[in-house]
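Each remark here refers to the structure printed beneath this line.
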């Protein structure tokens, strides 16, 4: 089967989500954010989105059309939930760092949060775009 534009876009979305998850773990272990702990909703939604995207590629490559209506939509929804939950948990800390507690260490701790949020948001956008394309070309 020949791959279509949806294949690399879906794969890119999964990779960006994985990078976002890695930077989330890095951020949760920084000095400033360690007290906030790890939010299971961020981990669960991001991991589920990655699994959904891998399953989407596998199902499409096998030619099964049964799941092709829900899987391309499920991954971006899960990624958006993950992004929103993560942003909600960090928004007050980001505001505090940018105004009152602005120093080199806190800015360094904030950098991993921004990278993670950016990766999750871009993964969501790429996932939405990928949903408009088939993973494989029709035979």
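Derivation of every value follows stated rules applied to the coordinates shown; laboratory data play no part. Please read all numbers here as calculations on a predicted model, not as lab measurements. Note: ideal-geometry Cβ built from the backbone for every residue, glycine included; neighbour counts use all protein chains shown.
What the table below lists for this structure:
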read-out	value
Sites residue 5 and residue 91, calculated FRET efficiency, Cβ-Cβ separation with R0 30 Å, nearest 0.05	0.30
Calculated P(r) over Cα pairs in 10 Å bins from 0, in percent (choose from [x] 11, 38, 34, 14, 3, 0; [y] 13, 40, 25, 14, 6, 1, 0; [z] 11, 36, 27, 14, 8, 3, 0), label	[y]
Residue-averaged 222 nm ellipticity for the chain, from DSSP H runs of 4+ at -39500 (n - 2.57), nearest 500	-26000 deg cm²/dmol
Footprinting exposure proxy for 126, 59, 34 (fewest neighbouring C-beta atoms within 10 Å first)	34, 59, 126
Angle in degrees between helix 6-28 and the longest Cα principal axis of the chain, rounded to the nearest 10	20
Inter-label distance, nm, simple model (7 Å from Cα along the C-beta direction), residue 102/residue 134	5.3
Label-point separation in nm, residue 29 to residue 58, each point 7 Å along Cα→Cβ	2.8
Length-normalised contact order of the stretch 6-130 in % [C-alpha pairs under 8 Å, at least 6 apart]	45
